[in-house]
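Accompanying notes for the structure given below.
The values are calculated or read from the model by the stated rules, or taken from the named source; none is laboratory data. Predicted, not measured: the structure shown is a model, and the values here were computed from it. Here the Cβ positions follow ideal geometry from the backbone for every residue, glycine too, while neighbour counts run over all protein chains shown. Surface areas here come from the heavy atoms of the whole protein model, side chains and all, with no ligands, DNA or RNA. Shrake-Rupley method; radii C 1.70, N 1.55, O 1.52, S 1.80 Å.
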Amino acid sequence: MEQQFISKLSTNAFSLEKGSVNAKSPSNIALIKYWGKKKNQIPTNSSISYTLTNSYTETELKFSPKTSEEFDVEVYLEGELKESFTPKIITFFERITAYIPFLKHYKFEVHTHNSFPHSSGIASSASGMSAMALCLVQIENILGANLTEDELLQKASFLARLGSGSACRSVYKGLVEWGENNFIEGSSDLYGTKFPDNEIHEVFKTFHDTILLIHEGQKSVSSTVGHNLMNGHPYAEQRFIEANDNLKTLIPILKNGDVKAFGELVEHEALTLHAMMMMSNPAFILMKPNTVAALEKLWEFRRETGKQLYFTLDAGANVHLLYPAIDAEAIEVFIENELKKFCQNGNYIEDKVTF
Ligand code: PMV
């Protein structure tokens, strides 16, 4: 299956000229979580995420011909050379070199900018790797690969996955599924698949995602370490089965617009992700006291007002508040008055889904 992504460009056929390409890619927030992987970034269960709007990475990739036999890449974040980022990009290049044959023929300069602060605890790997992959397939086309728009996006998703698993879902807008299963047509372990817009009730296309920045700073468990915790985890097999079942359960809910069922399932997924980490060896508790305080306040608000406010969590302390536009006004007053105080420096990011 991977064979289909091997480049049709012949290694001698490059017109070795310099140039540059650009791509912008948003972050995504998983509703059904990917947690656990096999060799070559193959997920142990299917996942689905919303692609966001305001949290994105913009990347310019400059390339110029060179003769040495090594990868040559420099990464600039917000205009500043970041030597510490080079090894991650070199590892990425090593993984994708079978599919992108020109990587050793050019010197690359990556100029990248995130719309969200680096210290916010929002992972930039999904948006960053997706933007980088979108740049590389554009160069492939400039060099004559002739990929159609669909082929280009699918290959970008395939490559992005090899950079950071969840990045493969950031290539498309809307809801994006990743992981092969027998109930979503076209689903694959190798790349993300756009979940059809006409299978999604309008209410879910209006969702806001307000991100409470409870604890700014680096995550305390890297995702590589995190996924590895599922190897030999006593509840791993049951978790993989449940995640796929949860995705299957979500499909009719997405269609019929049942926000309550949606929210309850999504909260269950978030808490399960954290429970898995608490039961790992070594164990991690990624919630902070203010994470728990915000969740309790949210549940109280929901009980008292009946407003459709739900949460999900990443592998970190921040809280993603999910709610439909119809309830946004009241919920945003509640966030400002009651939840903002749990955020470090009172910071939160107002984002929404993008369709
Ligand atoms: O793509 P990674 O390796 O950074 O893993 C992301 C894992 C979660 O964000 C916790 C869940 C997900 O599906 O995005």
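Structure notes:
- Equivalent ellipsoid dimensions for the chain as semi-axes, Å, which come from the Cα gyration tensor, largest first: 35, 22, 20
- Calculated SAXS-style log₁₀ I(q)/I(0) at q = 0.12, 0.14 Å⁻¹ - the range 1-140, Debye, Cα scatterers: -0.54, -0.74
- Under 5 Å from the amide H of residue 107 lie the amide H atoms of 64, 66, each residue being 5 or more positions distant or on a separate chain, with H modelled from the backbone and absent for Pro and chain starts.
- Residue 343 accessible area, 1.4 Å probe, all protein chains in place, Å² to nearest 10: 10 Å²
- Taking a straight line from the alpha carbon of residue 155, these lysines sit under 18 Å away, with near neighbours fewer than eight places off in the same chain left out: 8, 24, 173, 194.
- Largest-first ordering by accessible area, 1.4 Å probe, given options 90, 142, 200, 6: 142, 6, 90, 200
- Taken about its Cα centre, the chain carries a charge dipole of roughly 540 debye when the Cβ of each Lys and Arg holds +1 and the Cβ of each Asp and Glu holds -1.
- Surface share of carbon and sulfur [accessible, 1.4 angstrom probe, percent] for the range 2-199: 47 percent
- Computed about the Cα centre, the dipole magnitude for the range 203-352 is approximately 160 debye when only Lys and Arg (+1) and Asp and Glu (-1) carry charge, each at its Cβ.
- Highest mean packing first, where packing is the average number of other Cβ atoms within 10 Å per residue, the peptides 298-309, 256-267 line up as 256-267, 298-309.
- Aspartates and glutamates whose Cα lies under 13 Å from that of residue 307, excluding same-chain neighbours fewer than 8 positions away: 327, 329, 332
- Compactness relative to 2.2 N^0.38 Å, alpha carbon Rg of the range 203-352: 1.08
- Placing +1 on the Cβ of every Lys and Arg and -1 on the Cβ of every Asp and Glu, with nothing else charged, gives the range 2-199 a dipole about its Cα centre of roughly 320 debye.
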